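The values are calculated or read from the model by the stated rules, or taken from the named source; none is laboratory data. These figures come from a predicted structure and were not determined experimentally. For neighbour counting, all protein chains shown are included, and Cβ atoms are generated from backbone atoms with ideal geometry for every residue, glycine included. Ligands, DNA and RNA are stripped out before the accessible areas are found, and what is left, the full protein with its side chains, is counted by its heavy atoms. Shrake-Rupley method; radii C 1.70, N 1.55, O 1.52, S 1.80 Å.
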Amino acid sequence: MNGLVIYKGKYGATKQYAMWIGQELRLPVASADRFPVDELPNYDYFILGSSVYIGKLEIKDWLKKNFKALMNKKIFFFQVAAAPADQIEKRENYNKASLPPIILKKIRFYYLPGRMIMRNLSAWDRFMLKMGARLTKDSLEKKTMLADFDHVKKENIRPIIEAIRTFKKMNEPEIEFV
């Protein structure tokens, strides 16, 4: 089975996860912005990755535009965000805010922790983050919003890797020996 990893991110965490997944599964990896969409029919399944930016998936426009080509294919999706991976309801709300129900029903989501290094953010993003922190009433949350963190680790991809390997085993053609 031919698989492909396609990602779209903002500050590098999503790309890092995409590269690790591609290496682990020996699959090609492509940026959604640079992949020739006329090649999508050449693949049997996809691993899509997206960072979350201001509560929306970065890859949402690409996915909506190309969903017809992906509709009859298996899609694994990893979402990378600042919100902890165990905050499932918050993470699911990012998906709901970005994608229509017909797409949401088709995809299996995996939530991966991200990173935020203040000095690497654009001036606009730093400004927006500081404004958001100012509006937050909870002092602990305010402090947390402005603190650097990096939770991007290779071991975070284990669940999605295992799911893809299981899918591939279940869908391998049986070989008959005569």
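Across every direction, the projection of the convex hull enclosing the Cα atoms of region 21-67 has a mean area of 3.8 nm².
Of all DSSP beta bridges confined to the chain, the antiparallel ones make up roughly 15%. Residue pairs exceeding 32 angstrom between C-alpha atoms, taken from Lys56/Lys168; Lys105/Lys142; Lys56/Lys153; Lys65/Lys142; Lys106/Lys142: Lys105/Lys142; Lys65/Lys142; Lys106/Lys142.
Normalised by residue count, region 78-178 yields a Cα convex hull volume of 150 Å³ per residue.
For the Cα trace of region 39-121, dividing Rg by the Kirkwood Rh returns an Rg/Rh value of 0.99.
If you wrap a convex hull around the Cα atoms of region 125-178, how much volume per residue is inside, in Å³?
139
Taking trypsin sites (Lys or Arg not before Pro) across region 51-113, the ones in a DSSP loop with at most 12 further Cβ atoms lying within 10 angstrom of their Cβ are Lys105.
Tell me, what is the per residue accessible area of the chain in Å², probe radius 1.4 Å? It would help to have the intermediate numbers written out before the result.
Details: 10940 Å² over 178 residues.
Per-residue value: 61 Å².
Relative to the Cα centre, the charge distribution of the chain, modelled as +1 at Lys and Arg Cβ and -1 at Asp and Glu Cβ, gives a dipole magnitude of about 640 debye. Given the options Ala133, Leu121, Met145, identify the residue whose Cα lies farthest towards the positive end of the charge dipole of region 76-178 (+1 on Cβ of Lys, Arg; -1 on Cβ of Asp, Glu). Farthest towards the positive end: Ala133. With both labels modelled 7 Å from their Cα along Cα-to-Cβ, the Ala163 to Leu104 distance reads 1.6 nm. Over all pairs of different C-alpha atoms, the chain has a mean inverse distance whose reciprocal, the Kirkwood radius, equals 17.3 Å. For the chain, what % of the accessible area comes from carbon and sulfur atoms, probe 1.4 Å? The nonpolar share, carbon plus sulfur, comes to 52 percent.
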